[in-house]
1. Multiplying the sequence separation of E23 and I44 by 0.36 nm and subtracting their Cα-Cα distance, what value in nm do you get?
2. Calculate the radius of gyration of the Cα atoms of region 4-65 to one decimal place, then report Dmax, the largest Cα-Cα distance, as a whole number, both in Å.
3. Which of the GluC sites (Glu not before Pro) found in the chain are in a DSSP loop and have at most 13 neighbouring Cβ atoms, other than their own, within 10 Å?
4. For the chain, build the charge dipole from Cβ charges (+1 Lys, Arg; -1 Asp, Glu) around the Cα centre, then report which of I54, Y36, I6 sits farthest towards its positive end.
5. Using helices alone, what [θ] at 222 nm do you get for the chain, with -39,500 (n - 2.57) per DSSP H run of 4 or more residues, divided over all residues and rounded to the nearest 500?
6. Size of the dipole of the chain about the Cα centre, Lys and Arg at +1 and Asp and Glu at -1 on the beta carbon, nothing else charged, in debye to 20?
7. Length gain on complete extension for the stretch I6 to E59, per 0.36 nm per residue less the alpha carbon to alpha carbon distance?
Amino acid sequence: MLDIKIIRIKIRNYRLIKGYSQEYMSSELNISQTAYHKIESGKIKLKVCTLLKIADVLEINPLSLFTN
């Protein structure tokens, strides 16, 4: 079963490893920093298209968010 909380944690961890701020991510995704924060914190749904864009910005394979 897919645990979206784990995916959100992985997104945050990859972002921190890259040294990217939430402001940088939001700028690259053309959304507000508040909206990006809500994505990471689970306050809004994470759409597949947004997940793919996030993976692109982080320069990671999207499948890595679904595997250990």
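Read-outs throughout are calculated quantities, based only on the coordinates presented, and are distinct from any laboratory measurement. Remember, it's a predicted structure, so these values are computed and weren't measured experimentally. In this analysis, Cβ positions are derived from the backbone assuming ideal geometry, glycine residues included, and neighbour counts consider all displayed protein chains.
1. Numbers: separation 21, 0.36 × 21 = 7.56 nm, distance 1.73 nm.
Result for the pair: 5.8 nm of gain on full extension.
2. Just the Cα atoms of region 4-65 yield Rg and Dmax of 10.2, 26 Å.
3. E59
4. I6
5. Numbers: 4 runs with 43 residues, N = 68.
It comes out at -19000 deg cm²/dmol, rounded to the nearest 500.
6. 280
7. Difference between extended and current length: 17.2 nm.
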